[in-house]
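Reading through the C-alpha cells given below for one structure.
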Amino acid sequence: MTVTRARVILVGIFLVSLVIQVGVVVATYVEGAIAAKDLSSLLPKLLAIYSVHLAVIFGGIFAQIRATKQVNVQPMPFWIATVVAALWNLLLLWRSVAFGVAGFNVNIEDSVSSFSTYLDDASKASSFLVVGALAFFFTKRN
Amino acid sequence: MFPKLVLGSCLLVLTFALQQLSVSAQEAGTNKAQGPNYKVEVLSVTTKSTPQNKVVYLVTYSYEFKGRTSVYVNALGTVPAKGKFSYMSFEPSLEFRESASGPIIVNLPLEETIIGMGSDSTDLPKESEFPQAFRSDRWTPLATFPEAAVKVIQKYFPSGYAARQNGPVNYYITTYRNLPVQNRQLRSQVAVIVSQPYDTSGNSFRYRVQFIARDRPRLSNDWRYGDDRDQETITTAETFINQLVTELGGQR
C-alpha cells in the first residue's frame, strides 16, 4: 500500500466521524431537543477537538502535495494507525450517537452538559492514541 | 470535719440537681412555647439552601391562642387564632404578634429537628426575578386569606413555598412546578408570588399574584427566560395562572 492511499484512509476516518457528529448535533437542534445556545457551544467544541488532528493531516497533505513519487508503507504501522484512529473516533462517535438517539427518544435522559463533559474528557485523555500515528503518516516524506 | 463533709456533699448534690433542672428546662423549651393562653409547637425544622445560597427553614408548626380570633405571624400575615402551617421561612425564629403593628406575644427560635446533609437545595426564585406585572383582587376578611392562599398554593405547588415579610407586605413565594405542554421536547415551569395586604380598608384588602415562567429544550441545561421562551410556555403559564387566580378567588 502506498503512503497516499494510507493517508486517504486515515483522513476518511476522521472526516466521516466529524461529519456524523456534527450532523447528529444539528439534527438534535432541528428536533428541538437542544437550544440554539447549545448548538453554538457544541459545534465549536467538536471542531476544536478535531482541529489539532485535522491540522496535522491537512498540513501534511498540503506540504507534500507536489510529491509524485509513490512510496509503499509497511502493512503493520498502517494497520496499527488505522485501528487507533478508528478507536479514538469511536470513543467520541458512540457518545454523540447516544446523544442524538436521546434527542429523538423522549424516554431517554441525557443532557448537553454531560455530553459536553464527556467530549472534553475523552478527547483529552485519548489523544495520545492518534498523535504519534498521524505524525508518522502525515509528516513522512514521500 | 463531719459538718464540712456533709456541707460539701450537699453542695455537690445541689449543683448536680441544678444542672439537671437546667437541661430539662432547655429540652422543654426547644421548638415549643407555652403560656396560660397560648401553645406553639414546632413539629419539624429542616434547613435548605436556595440557588442564591440563602438558607431557608422548612418549618411545620401548630399553634393555639385562646381568647383571640386572630394573631399575626411574621411573613405569613394575619391568621386565625388556631391553626397549623408548613412552609419555608427566611427567618430563624417564629414570631406571633397581636396584630401587624401590635406587641409580640411569643418569639420562638427555630432549632433544626432534621439535620440535612448540607446539599439539600430548593429551587426558589428571587422576588426580583418576577415581572412587575400582577393580577389583583380584593379580599375580606383579613384572617382567612393566608389559609385560603396556602390551600391553593399547596394544591398546585406540592414542593412548597416560602413566606417572607418585607415591611408591611407578606410574600408567599412558591418553588417552580412543571407545566403540562404539548411539545414533548419542551420542559416548562412556573413559580408564583402571592403578596398581601395592599390598600387595606377596615377588614378588607387587596392581594396580588405575580408569576414567572421559564422553559428549556429537554436536553438543555439552561433555563430560558423573557423573550427566549417558547410561546407555548407563555400561553400555558397564563392559562395556569388564570385557573389559580379563579380558584383563589373562589375560596372566599
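Quick look at the numbers
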item	result
Relative contact order [Cα under 8 Å, 6+ residues apart], chain B, whole percent	14
Simple Cβ-charge dipole of the protein assembly as shown, Lys/Arg +1 and Asp/Glu -1, about Cα centre, in debye nearest 20	880
Euclidean distance between Cα centres, the stretch A:1-62 to the stretch B:139-179, Å	52
A:V73 long-range amide H proximity, modeled H, under 5 Å	A:T2, A:V3
Whether the stretch B:177-252 is rounded, prolate or oblate, judged on the alpha carbon gyration tensor where a/c under 1.5 counts as rounded	prolate
Debye log10 I(q)/I(0) for the stretch B:34-109, one point scatterer per Cα, at q = 0.14 Å⁻¹	-0.44
Cβ-derived FRET efficiency at R0 45 Å, B:Q132 paired with B:K32, nearest 0.05	0.60
Per-residue average of Cβ from other chains inside 10 Å of B:226-237	0
Derived scalar couplings ³J(HN,Hα) [the stretch A:76-82; Karplus, 6.51 cos²θ - 1.76 cosθ + 1.60; whole Hz; x for Gly, Pro]	4, x, 5, 5, 4, 4, 5
The stretch B:125-252 shape via C-alpha gyration tensor axes, a/c threshold 1.5	prolate
Karplus-derived HN-Hα couplings along the stretch B:136-149 (A = 6.51, B = -1.76, C = 1.60, θ = phi - 60°), whole Hz, x at Gly and Pro	9, 8, 9, 9, 9, x, 4, 6, 8, 5, x, 5, 5, 5
Over 15 Å [Cα-Cα, the stretch B:177-217], rounded percent	56
Two-decimal log10 I(q)/I(0) for chain A, as the Debye equation yields it once each C-alpha is a single scatterer, q = 0.10, 0.13, 0.15 Å⁻¹	-0.39, -0.60, -0.75
Average projection area in nm² (convex hull over Cα atoms of the stretch A:1-82, one quarter of hull surface)	6.4
Ranked B:K155, A:K45, criterion: other C-beta atoms within 10 Å, fewest first	B:K155, A:K45
Global size of the protein assembly as shown as Cα Rg and Dmax, reported in angstrom	33.4, 119
The stretch A:69-100-the stretch B:202-222 distance, computed between alpha-carbon centres (Å)	52
Chain A - percent relative contact order, Cα under 8 Å, separation 6 or more	42
Gyration tensor (alpha-carbon) shape descriptor, chain B, a/c threshold 1.5	oblate
Vicinal HN-Hα couplings computed from phi for the stretch B:35-52 (Karplus, 6.51 cos²θ - 1.76 cosθ + 1.60; Hz; Gly/Pro x)	x, x, 10, 8, 8, 10, 9, 8, 7, 7, 9, 10, 8, 9, 10, 8, x, 8
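Since every read-out is calculated from the coordinates, none of them should be taken as a lab result. Quick caveat, the model's predicted, so the values are computed rather than measured. In this analysis, Cβ positions are derived from the backbone assuming ideal geometry, glycine residues included, and neighbour counts consider all displayed protein chains.
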